[in-house]
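What follows is a short report on a single structure.
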Amino acid sequence: MKNLSNLNSAQEQAVIHTDGPLIIFAGAGTGKTRVITHRIAYLLEQGVRPYNILAVTFTNKAANEMRKRVNDLTNNTAVDVRISTFHSFCLYLLSCEAKIFGMEQNFLVYDAGEQLNVIKECMKELKLDDKRFKPMAILNRISRAKDDLIDPAQMTETAQEKGDFYGQTIASVYDLYQKKLHTYNALDFGDLIMQTVINLQKLPDILAKYQERFKYILVDEYQDTNHAQYILTKMLAEKYKNICVVGDDDQSIYSWRGADITNILDFEKDYPNCKAVKLEQNYRSTPKILKHAWNVIKNNSGRVPKQLWTENEDNGEIFVYQNFNENDEAERVVDTILINRQKGYELSDFAVFYRTNAQSRAIEDALRRQGVPYNIVGTLKFYERAEIKDIMAYLKLIHNPSDNVSFKRVANVPKRGVGKTSLEKLETFAASKGLSMYEALNFVGTDVIGRSSLTGLNNFKAIIEKNFRTKFNKSVKEIVLSVIEDTGYIRELETSLLPEDKTRIENIQEFVSAVEDFEQRSPDTTLAGYLTQVALVSDIDSWQDEEQKVTLMTLHLAKGLEFKNVFIMGLEEGLFPIGDDADEEEMEEERRLMYVGMTRAKENLYMTWASQRTVYGKTKFNVPSRFLLEAGFSEQLSSRSARNFVRNFNFRQKETIHDVSDIREMDNSFTDEEITYEPIDKPEDSSPYKIGMSVFHQVFGNGKIVEKSGKGDDEKVIVAFSNGQWKKLLSKYANLQIL
């Protein structure tokens, strides 16, 4: 094949091995898309019909890029090659076989919003309290079940065997949900794959038809496949076994959404005669970056041995920056970007990665202060997030109760029984009297608005009125904390089972830190001064150029991307790796996440950490992430800090330390690197409950203690239960059984 000349020897092996199973371990930046597209072109050149080739990947963007490259290589003779996402392929198959599968030809595919509405219908019919059973949490649980090919009957049986009341409730919703989807002639995203698998299993003649049709199968990003996708591809490839999977176990970072790393690790067990090819020549990064990334990832035991290398020039650098706090960290990142921009880099050459969305606040603020355009990938800018806009709306109303826009936004947030119709009636009444909606509450009666809604509105008014009267005597932080407490905003989120609601709590806590930072920086620390500052920040955002921007994103979104300059922020124990009580599997995934972040960098890699970080107005003192030690950067820390880091890292293998109370001495000078972290003798803890301990609750079942506070009769524990609920319990009355 004439196009093989631009492939290295390993890539060429992967391309020309056409018959039988093949696994390609494609390390970061080793040209896997080039291999996949050249392999398809090579199959066509060897006489394979386009009609007989199927290539599946995970995103439409990846599928489109793959299709374009194949067409370029084959002069558009590959139009009949099916290149698509898993979901698109299953939609195609189900549409073709709808009649045989007993489906209406015009079936619908419900989006997330429509799925949630059906879940709510089911809960209403089953008389389930949506405060105790969150609709979105139930939908997520059902989606995960479909990823594992678990139907309602199986879920019910498993829950009954375990005595899991919550699981039985989910199963009852799942059962009714599926019946409603059938009635509505609709499928959800999970059904696309699950129903394809189920129908192919039930109808071997149809399965044989598609096995004959797709004699050559290629699966991209195989480390990200879930159980349903694994079974689907295994069934289709069963006859000819011409299956080629491409992936990298070192970049498996999505277990939380169903991906199963054992699919790629056990491929050679599923296909004993398969050929394995390792793509280890990297075309992206410098030797220095690859060396230190390897130092991290080699600590994982659950991986296939391989090591990236490159012929690229070693003309970049790696920097480790120790900072005083998150604001110094953010400012240092921005200053570094501006300095390097003068060396000829474009803003688009810079990416800033962090472990959690809440970390974006400090870097966003620093970029705005310097007038540097930025773009956040995959999430909203900090001040555009719904929970932040809600709290800001309360602040605006306290400052100016005549603000109808803010009034309408939060009159029923959190829920206080005020419906949309009631708000519309109040707005009409207020307009007829020439009043603001807030003022109109002094005159409106039950003849206009129902008693329940009016009670909710008056409770809302009382919160605004209380803070309006005292706003001149309080700091902005005190007002914010008062709003959070009086409205019960966080309390409502704490009862939620949704992972995103936990993130929303973190964002609100970060908002409190942002307000505290404002009060320390600004000469005008009044509420009016704060609202003005935020308004000016928004104005700056509106005129920034859309093309040249610094990219901000979480590390999970970074896979598949590359930048000349990469910053990884927040490299501290407890933040990245996240959590002090991660088990071995969780820690290995955190390490893979670090590896992914490091290998996004083409030239320069910057890794930063803060000696202290403020969360919810409370300062936590930190030690550097173990990943910095594993990468080999202890020498770039101060000598005393490095010694303590090594000692504390080793000590952490036995016992979790280093909360605020664990620090005996610390020099808070940013310029002085002689920062010491030493454990101190703690008062004896007589409580039988420890963080990380497995416990049993008579109502909620098995769980794990993730947080503890207070002492004696006031001791409280937060338990993450296996049913998905997080509960804050008073130890005295919880009657937890230690497992």
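The values are calculated or read from the model by the stated rules, or taken from the named source; none is laboratory data. Since this is a predicted model, take the numbers as computed values, not measurements. Heads up, the Cβs are rebuilt from the backbone with ideal geometry, glycines too, and the neighbour counts pull from every protein chain shown. Keep in mind that these areas ignore ligands, DNA and RNA; they rest on the heavy atoms of the full protein, side chains included. Shrake-Rupley method; radii C 1.70, N 1.55, O 1.52, S 1.80 Å.
Of note:
- Table column - 3J(HN,Hα) (Hz), the range 557-566, Karplus curve with 6.51, -1.76, 1.60, x for Gly and Pro: 8, 7, 4, x, 9, 8, 9, 5, 10, 10
- Only helices enter the 222 nm calculation for the chain: every DSSP H run of n ≥ 4 contributes -39,500 (n - 2.57), and dividing by all residues gives -14000 deg cm²/dmol, rounded to 500.
- Estimated FRET transfer efficiency when R0 is 41 angstrom, pair Lys131-Leu108 (beta carbons, to 0.05): 0.85
- Lys474/Arg49 FRET efficiency (R0 56 Å; Cβ-Cβ; nearest 0.05): 0.15
- Largest-first ellipsoid semi-axes for the range 70-203, taking √(5λ) over the Cα gyration tensor eigenvalues, angstrom: 33, 15, 15
- Calculated SAXS-style log₁₀ I(q)/I(0) at q = 0.19, 0.21, 0.31, 0.32 Å⁻¹ - the range 73-117, Debye, Cα scatterers: -0.76, -0.84, -1.06, -1.07
- Dipole in debye (nearest 20) - the range 208-307, about Cα centre, beta carbon charges: Lys, Arg +1; Asp, Glu -1: 260
- Residue-span extension gain [Glu121 to Leu265] - 0.36 nm each, minus C-alpha spacing: 47.7 nm
- Computed label-point distance, nm, for sites Lys433 and Asn273 using a 7 Å Cα→Cβ extension: 8.5
- Sorting Trp609, Trp294, Trp256, Trp309 on solvent-accessible area from highest to lowest, probe radius 1.4 Å, gives Trp256, Trp309, Trp294, Trp609.
- Residue (of Tyr222, Ala137, His182) at the positive-pole extreme of the range 113-269, dipole from beta-carbon charges: His182
- Which of Ile170, Phe107, Ser432, positive extreme of dipole for the chain (C-beta unit charges): Phe107
- Other-chain or far-sequence residues with amide H under 5 Å of Val109's (modelled H): Leu187
- Karplus (6.51, -1.76, 1.60) ³J(HN,Hα), θ = phi - 60°, over the range 696-710, in Hz, Gly and Pro reported as x: 10, 10, 4, 9, 9, x, 6, x, 9, 6, 10, 7, 9, 8, x
- The alpha carbon radius of gyration of the chain, expressed as a multiple of 2.2 N^0.38 Å, is 1.05.
- Three principal axis lengths of the range 289-412 [C-alpha, angstrom, descending]: 65, 42, 27
- Dipole in debye (nearest 20) - the chain, about Cα centre, beta carbon charges: Lys, Arg +1; Asp, Glu -1: 1460
- Remark on Asn323: its backbone amide H falls under 5 Å from those of Trp609, Ala610, Ser611, a criterion applied only to residues 5 or more positions apart or on other chains, H modelled at 1.01 Å from N.
- Checking the cross-link pairs Lys215/Lys559; Lys389/Lys711; Lys32/Lys215; Lys68/Lys559; Lys131/Lys727; Lys127/Lys179 against a 25 Å limit on the alpha carbon distance flags Lys215/Lys559; Lys389/Lys711 as lying beyond it.
- Whole-angstrom Cα spans of the range 372-445 along principal axes, big to small: 48, 24, 17
- Principal semi-axes of the equivalent ellipsoid, √(5λ) from the alpha carbon gyration tensor of the range 213-358, are 39, 18, 15 Å from largest down.
- Coarse-grained scattering of the range 223-287 at q = 0.13, 0.23 Å⁻¹, given as base-10 log I(q)/I(0) from a Debye sum over alpha-carbon atoms: -0.42, -1.06
- Most positive-pole-ward Cα, Asn473, Ala358, Thr57, against dipole of the chain from beta carbon charges: Thr57
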